[in-house]
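Only the coordinates and a few stated rules stand behind these numbers; no lab work does. It should be emphasised that the depicted structure is a prediction, and the values quoted were computed from it without experimental measurement. Here the Cβ is made from the backbone with ideal geometry for all residues, glycine too, and neighbour counts use every protein chain on show.
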Amino acid sequence: MPKWASGPTGHPSFWKRAKKELSAADPVLAEVIKSCGRGGLTGQGDPFVTLVRSIVAQQISVRAADSIWNRLDETVGGISPDHVVARNEAELHGAGLTRRKASYIRDMALAFKDGSVAPALWHEKEDEEIIAELLKLRGIGRWTAEMFLIFHLLRPNVLPLDDIGLIRACERHYAGGDALAREDIESLAQPWQPWRSVATWYLWRSLDPTAVAY
């Protein structure tokens with residue numbers, strides 16, 4: 001198994017407890033959770049795949065991201081650092097990526113291969129430490145780093161304040177469709193601690209029945 005292919009898989013052990021405590025703390029969120037039915041966050045165990053998915057998804061819809069992901073996966077013969085490095089940027093662009101995203105993803109694959117990225121060490125670090133390391137990679141902004149914390153490391157208390165899905169869901173469920181400022185969402189999320197990742201996942205799900213995954 002490659003040295004980077006490590007990470008939690010399956011549903012996190014805290015999920016049921018988080019649902020119960022969030023429902024007790026926030027009646028609006030309780031209704032959202034109830035309406036979403038079964039399902040939950042699922043770790044995929046591969047940090048490279050998670051980061052590539054996050055870059056692919058930047059500034060586009062879930063449906064568009066899924067389409068490009070499938071084309072990219074077919075083009076390279078399976079998403080892995082070795083397979084991505086074996087293709088040039090033009091081939092990655094031909095799979096539907098912008099030229100900039102193709103460059104970011106290929107550079108990241110090289111970083112995984114040469115060891116300058118070491119995900120095995122991140123399990124022992126705090127969220128903000130990991131975000132700081134990820135921000136050193138081209139194409140990785142804070143939103144992408146937060147997606148990595150949620151979907152790869154299954155960190156329970158991440159609040160991605162720049163995520164358009166979270167913003168829209170909060171506006172729909174808490175403000176009757178009116179715009180909310182960043183500080184408004186931070187205030188709404190106070191009762192969600194220490195399970196803000198779980199709350200965010202359900203709010204995403206309330207907008208789209210297809211479970212978000214990276």
Fill in the blank from the handout: Only helices counted: for the chain, with every DSSP H run of 4 or more residues adding -39500 (n - 2.57) and the sum spread over all residues, [θ] at 222 nm is -17000 deg cm²/dmol
Fill in the blank from the handout: Calc'd 3J(HN,Hα), segment 173-184, phi into Karplus 6.51 cos²θ - 1.76 cosθ + 1.60 (θ = phi - 60°), Hz, glycine/Pro = x, comes to 8, 10, 10, x, x, 6, 5, 10, 7, 3, 5, 5
Handout entry: 12 Å beta-carbon shell around ILE185, net charge (K/R +1, D/E -1)
Key = -3
Problem - Value of relative contact order over the chain, rounded to a whole percent, pairs C-alpha under 8 Å and six or more apart - result: 27 percent
Fill in the blank from the handout: Taking Cα atoms only, helix 62-76 is inclined relative to the longest principal axis of the chain by an angle, in degrees rounded to 10, of 20 degrees
Handout entry: For segment 46-87 and segment 171-194, distance of Cα centres in Å
Key = 31 Å
Problem - Förster-model FRET efficiency, 25 Å R0, SER187 and ALA120, C-beta, rounded to 0.05 - result: 0.10
Exercise for the section: With a/c under 1.5 counting as rounded, go ahead and sort the chain into rounded, prolate or oblate using the C-alpha gyration tensor (a ≥ b ≥ c being the square roots of the eigenvalues; past the cut-off, prolate if a/b is larger than b/c, else oblate). Expected result: prolate
Problem - Ordering of 17-23, 105-111, 62-68 by burial proxy (mean other Cβ atoms within 10 Å per residue, highest first) - result: 105-111, 17-23, 62-68
Problem - Rounded FRET efficiency, nearest 0.05, which uses the C-beta distance separating ASP162 from LYS34 and R0 of 25 Å - result: 0.35
